Amino acid sequence: KREDRSKTTGWAYNSQQWGGFEKPPGYKGQMTGPNLVFIEGGTFNMGQTEEDVMFEYREVPRRVTVSSFYMDETEISNIDWLEYMFFLQRVYPSMPQVHLQSLPDTLVWLEELSYNEPFVQTYLRHPAYMDYPVVGISWLQANEYCKWRSDRVNEMILIEQGKIDPTSLEG
C-alpha cells in the first residue's frame, strides 16, 4: 500500500528490511463536529501597509499569526437555540434562572419608524422561523451555548464509541 510508505522519502514504514522506522497505527485525525468546517490558519500583515502620507503612524504594521480553527458552516438557528433552552430546562428543573438567562432579548426587533412588533413575540418560536438565525444573544449567552454544544458533541462521540452508556446519563 502507498499509505504504508513515507510521503517524504518513499521508504516503507514498520519494515525491518527498509530501516525499521515505526509508524503507530490507528490515528485517523481529529473528527469534525456536526456542521463545522475547518479554517486553516495563516500569517498576515496587520496595520497600515500603504504609505502614510500624513505621517501619523497610528497603525504600525506587524505580522500576525492565526491558528487553525473550526467554524460553523451556517449561523446558529432558532431551532438550535430552542434545543439548548430545552436541555437547560430539563437538566435544571429546580433552577429556573438558568433557563431564563438563556432567553434571547427579543426587544432587539423594536426600532423607531418600523413595524417589527410581531417579531418580538413570534420570531424565536414560530415554526416559520425555525431555520432563521437566532438574534438577541449576548456574548455571554453565546459563550455558554458554545460550551454546552462542545460538551454535547463530545458526549455523543463517546456514546458512539461505546465508552459511555447512554442509559447511565438519564436522571
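Count, please, the residues in region 77-102 that happen to be open to solvent by 90 Å² or more (accessible area, probe 1.4 Å), of a type outside the set (S, T, N, Q) and in a helix (DSSP H, G or I).
Result for region 77-102: 4.
Among the residues of region 15-37, is any at pLDDT 85 or above and either assigned to a strand (DSSP E or B) or open to solvent by 90 Å² or more (accessible area, probe 1.4 Å) (or both)?
Checking region 15-37: at least one residue is at pLDDT 85 or above and either assigned to a strand (DSSP E or B) or open to solvent by 90 Å² or more (accessible area, probe 1.4 Å) (or both).
Only one of these is free of Cβ contacts under 8 Å to residues at least 12 places away in the same chain and under 21 Å from S138 (Cβ atoms): E51, E83. Name it.
So the residue among E51, E83 that is free of Cβ contacts under 8 Å to residues at least 12 places away in the same chain and under 21 Å from S138 (Cβ atoms) is E83.
State all residues of region 38-60 that are of a type outside the set (F, W, Y), at pLDDT 80 or above and open to solvent by 100 Å² or more (accessible area, probe 1.4 Å); if no residue qualifies, say none.
E40
What number of residues within region 140-171 satisfy the criterion of being closer than 19 Å to L88 by Cβ and not basic (K, R)?
Matching residues across region 140-171 total 17.
Among the residues of region 121-164, how many are open to solvent by 80 Å² or more (accessible area, probe 1.4 Å) and not in a helix (DSSP H, G or I)? Write out each step before concluding.
In the first step, residues of region 121-164 are kept if they are open to solvent by 80 Å² or more (accessible area, probe 1.4 Å); the result is 121, 125-127, 131-132, 139-140, 144, 147, 151-152, 154, 156, 160-161, 163.
With not in a helix (DSSP H, G or I) added as a condition, the list becomes 125-126, 131-132, 161, 163.
Number satisfying all stated conditions: 6.
The values are calculated or read from the model by the stated rules, or taken from the named source; none is laboratory data. Here the structure is a predicted model, which means the values were calculated and not measured. Counting neighbours? That spans all protein chains shown, and the Cβs are built from the backbone with ideal geometry, glycine included. For accessibility, only protein heavy atoms count, side chains too; no ligands or nucleic acids. Shrake-Rupley method; radii C 1.70, N 1.55, O 1.52, S 1.80 Å.
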